[in-house]
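Read the structure below first, then the notes.
Just so you know, all these numbers are worked out from the coordinates, no wet-lab data involved. Just so it is clear, the structure is predicted and the values come from calculations on it, not from any experiment. In this analysis, Cβ positions are derived from the backbone assuming ideal geometry, glycine residues included, and neighbour counts consider all displayed protein chains.
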Amino acid sequence: MAVKISSVDPNTPAEKAGLRAGDVLLSIDGEEIRDVLDYRFYMASQRIELCFRRGDGERRVRVRKGEYEDLGLEFETYLMDRQRSCKNHCVFCFIDQNPRGMRESVYFKDDDDRMSFLFGNYVTLTNLQERDVERIIKMKISPVNISVHTTDPELRVRMMKNPNAGRTLSYLRRFAEAGIRVNAQLVLCPGYNDGAALERTLSDLAALGEAVLSIACVPVGLTGHRSGLAALRPFTGEECRETVALIDRFGDRFFAECGRRVVYPSDEFFLGARLPVPPASYYGDFDQLENGVGMLALLEEDFLLELEGLAPAGAPRSLTIATGEAAAPFLSRLAGRAMALDPALQCEVVPVKNRFFGGYITVAGLVTGSDLVAQLRGRALGDEVLIPSVMLRHEGDLFLDNMTVDEVSARIGAKMRVVPASGDALARTLLRGG
């Protein structure tokens, strides 16, 4: 696949070699360039030969540059072609449960292995072709973040509704044999891949040895918008406790064998089981933070460490923390520590019920502007309302329902402050105003 060059950065090896916008890059050192991974891998050498098309003719040019120095070529899209969408129809797919009225990007189902390598996204492997697998091994792209869910081929096909879902599990063994390491994600659904099925999955992954860096076990998220979808239910408190116990048995086994726990329940399992969140030391290097594994433990550790070095501001301050229902009791405890240090501080934690998504959604990252307005308007909110940055998109300006922070602030009649999702930032904001 040839890729069109949209621009050439000035004073770069590509410009000095005479390449122009509109040229079509064909190969580097005889290797076809299909996308950004090929481009980055094959341009790394100090001496390379570029083959490109200009008009109707092909041209070749030799380039000398620093090792790993970028050639300076820009393309119409970052990936050089379209992002690959998901071909599965998973029974637990969260996107299928999304209500209308959110940002367009929220409805895109990503399953692009390149996004895994570049940005840490999780992929199911069902989009991979043989040449993709061979490229991962050849380029030694590691780690690969994989949504495994189950290692039972028949169950995986049933859960993902893709006939390739069972076959692609063989890639796990090939990656392990080639020295490619894996972070695994298991979305657990009661009656499907929990219990004995989970035990089988963890046993199979353990058999891959050092190739498995970490495993996150996350409970299925169920909204109130599941019309026409598979019948699923949330985990009960007792099932959460049983699941945590099973995972911890395997964690103890991994720790005895390799000095790492490797497999972890997400924070939601501990909250659902009404069990204490383990200390930060339980989570090792926090490899699965983005799956909600160890976020509360790290938040508490950083909060308390920061609190030790802060002196009370002294001036009276009244704050409201708005968060999801799941984390509200935990944050209330941290706020209590801050108020004990500074008696002039008053801080109320308000759990926001997620009516926008409905169902059993309780996490802060899915709280919308409209729910904040509906549940905060008319309350005594004090000097400021604090919200975590995870409620907003990466740019920090929009909630999932397209409301802005300024719009919400105006409608609740209170100043709002977006606080980075870290314990030290929260401690500084409570004691010093940020």
Next on the checklist: Suppose every Lys and Arg Cβ carries +1 and every Asp and Glu Cβ carries -1, with no other charges. What dipole size does the chain come out with about its Cα centre, to the nearest 20 debye?
Outcome noted: 660
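Using only C-alpha positions, report the orientation-averaged shadow area of the convex hull of the chain, nm², one decimal.
24.5
Could you tally the net charge around GLY166, taking each other residue with its Cβ under 11 Å from the Cβ of GLY166, Lys/Arg +1 and Asp/Glu -1?
+1
Taking the square root of 5 times each eigenvalue of the Cα gyration tensor, what semi-axes in Å does the equivalent ellipsoid of region 328-390 have, largest first?
24, 14, 9
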Checklist entry - So what is the relative contact order for region 271-369, in percent, with contacts set as C-alpha pairs under 8 Å and at least six apart? => result 25
Item to check | Relative contact order (%) - criterion: Cα under 8 Å, at least six apart; region: region 336-375 | outcome: 32
Checklist entry - What's the local net charge at ALA344, with K and R +1, D and E -1, over the other residues with C-beta under 13 Å away? => result 0
Item to check | Evaluated over region 125-284, the Cα radius of gyration and Dmax, each in Å | outcome: 16.2, 47
Item to check | Hull-based mean projected area of region 166-245, where the convex hull spans the alpha carbons, in square nanometres | outcome: 6.5
Item to check | Per-pair calculated FRET efficiency, R0 = 25 Å: GLU67 and CYS258 via Cβ, rounded to 0.05 | outcome: 0.15
Next on the checklist: For the ranges 71-77, 368-374, 96-102, what's the packing order if you count other beta-carbon atoms within 10 Å of each residue, average per peptide, and put the highest first?
Outcome noted: 368-374, 71-77, 96-102
Item to check | Label zone at ARG333, where the point sits 7 Å out along the Cα-to-Cβ direction: region 253-275 residues whose backbone N lies under 18 Å | outcome: 265-275
Checklist outcome for this item: Here the Cα Rg-to-2.2 N^0.38 Å ratio for region 276-434 is 1.01
Item to check | Per-residue ³J(HN,Hα) for region 377-382, Karplus 6.51 cos²θ - 1.76 cosθ + 1.60, θ = phi - 60°, Hz, x for Gly and Pro | outcome: 4, x, 8, 7, 9, x
Checklist entry - Okay, helix-only estimate at 222 nm for the chain: each DSSP H run of n ≥ 4 adds -39500 (n - 2.57), divide by all residues, round to 500 deg cm²/dmol; what do you get? => result -9500 deg cm²/dmol
Checklist entry - So how much slack lies between ARG233 and SER389, counting 0.36 nm per residue of separation and subtracting their Cα-Cα distance, in nm? => result 53.2 nm
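Below 9 angstrom from the Cβ of ARG59, what's the summed charge of the other residues (Lys, Arg +1; Asp, Glu -1)? Don't jump to the answer; show the numbers that get you there.
Working: positive: ARG53, ARG54, ARG60; negative: ASP23, GLU58.
Local charge sum for ARG59: +1.
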Next on the checklist: In 10 Å bins starting at zero, report the fraction of Cα pairs in region 369-413 per bin as a rounded %.
Outcome noted: 28, 58, 14
Checklist entry - So which cysteines of the chain have no other cysteine's Cβ under 4.7 Å from theirs? => result CYS51, CYS86, CYS189, CYS217, CYS240, CYS258, CYS347
Checklist outcome for this item: One would report the antiparallel percent of DSSP beta bridges in the chain, rounded to the nearest 5, as 40
Checklist entry - What list of whole percents do you get for P(r) of region 2-72, with Cα-Cα distances grouped in 5 Å bins up to the one holding the largest distance? => result 4, 18, 31, 31, 14, 2, 0
Next on the checklist: Pairs of alpha-carbon atoms within less than 8 angstrom and 6+ residues apart define the contacts here; what relative contact order does the chain have, in percent?
Outcome noted: 10
